[in-house]
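The structure appears right after this line, and notes come after that.
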Amino acid sequence: MEIKVFGPGCARCVEAENVVRQAAEQAGGEISVIKVSDFREIMAARIISTPAVMVNGQIKCTGRVPTGDEVASWIAETRA
């Protein structure tokens with residue numbers, strides 16, 4: 001499973017990355033968390049506002065920091 005966190009490095013983007021990494025660690029298994037801060041990559045992914053989170057190519061949230069429970073549910077949905 002691949003989870004991408006998009007953002008230029010602002011405080012909210014760092015917080016989103018931390019939430020995602022913690023949820024991935026708690027879920028266990030093969031989960032790759034990738035931080036994307038290059039604006040070209042962000043635009044290519046059609047992200048309009050950051051932070052944004054993408055799980056296996058599907059955008060799950062934009063413009064806000066997700067909760068740990070949200071990320072855990074996205075991981076569970078993808079594994080189902």
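Take Val53 and tell me if it is open to solvent by less than 70 Å² (accessible area, probe 1.4 Å), assigned to a helix (DSSP H, G or I) and either modelled with pLDDT of 95 or more or under 22 Å from Ala80 (Cβ atoms) (or both).
no
Examine the stretch 11-25 for a residue that is assigned to a loop (DSSP other than H, G, I, E, B) and at pLDDT 95 or above, and state whether such a residue exists.
No, because not a single residue in the stretch 11-25 is assigned to a loop (DSSP other than H, G, I, E, B) and at pLDDT 95 or above.
Go through the stretch 1-41 and report how many residues are loosely packed, with under 13 Cβ neighbours inside 10 Å and of a type in the set (Ser, Thr, Tyr).
So the answer is 1.
The values are calculated or read from the model by the stated rules, or taken from the named source; none is laboratory data. Because the structure is predicted, anything quoted here is derived from the model rather than measured. For neighbour counting, all protein chains shown are included, and Cβ atoms are generated from backbone atoms with ideal geometry for every residue, glycine included. Heavy atoms of the whole protein, side chains included, go into the accessibility calculation; ligands, DNA and RNA do not. Shrake-Rupley method; radii C 1.70, N 1.55, O 1.52, S 1.80 Å.
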